[in-house]
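S.K.: The structure is given below, and queries will be raised subsequently.
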Amino acid sequence: MNVTKNIGILNALIRITIGLTVLSWSTAKMVKFPWRDSYLFIAICGAMKVAEGIVRFCPVTALFERYQEMEKQAPLALGDGSDSDNIDTEQVLPYNPS
């Protein structure tokens, strides 16, 4: 898997800022309430945002871009709407007795 930069500099700076804010908030809450596991999860999410900003790679953005490329290569059968006269509505619409 080739990891290339897929977010810009401004987006990376915003991710680092928000990630450090979330990380510091959750760490402060973990010190006060160490028995709660939700603050640990939030701290991991904040650290992940900081890492995304430093590396300038977002896996969600990469998945979205890959989906867009796959959609261009093989569009869905009903996606473009060009053959709307030939579509059997019984197969598309579910049965509704009311």
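S.K.: Looking at the stretch 1-49, which of its residues are closer than 15 Å to A62 by Cβ and under 18 Å from the mean Cα position of the chain (by Cα)? Steps first, please.
M.R.: Filtering the stretch 1-49 for residues closer than 15 Å to A62 by Cβ gives 1-8, 11-12, 15, 48.
Hits for the stretch 1-49 are V3, T4, K5, N6, I7, G8, N11, A12, R15, M48.
S.K.: Consider the stretch 15-49. How many of its residues are crowded, with 18+ Cβ neighbours inside 10 Å and either touching a residue at least 24 places away in the same chain (Cβ under 8 Å) or small (G, A, S) (or both)?
M.R.: 8
Taken together, the values in this text are just the output of simple stated rules run on the coordinates, not laboratory data. Remember, predicted model here, so these are calculated numbers, not experimental data. All Cβ positions, glycine included, derive from the backbone under ideal geometry; neighbour counts span all protein chains shown.
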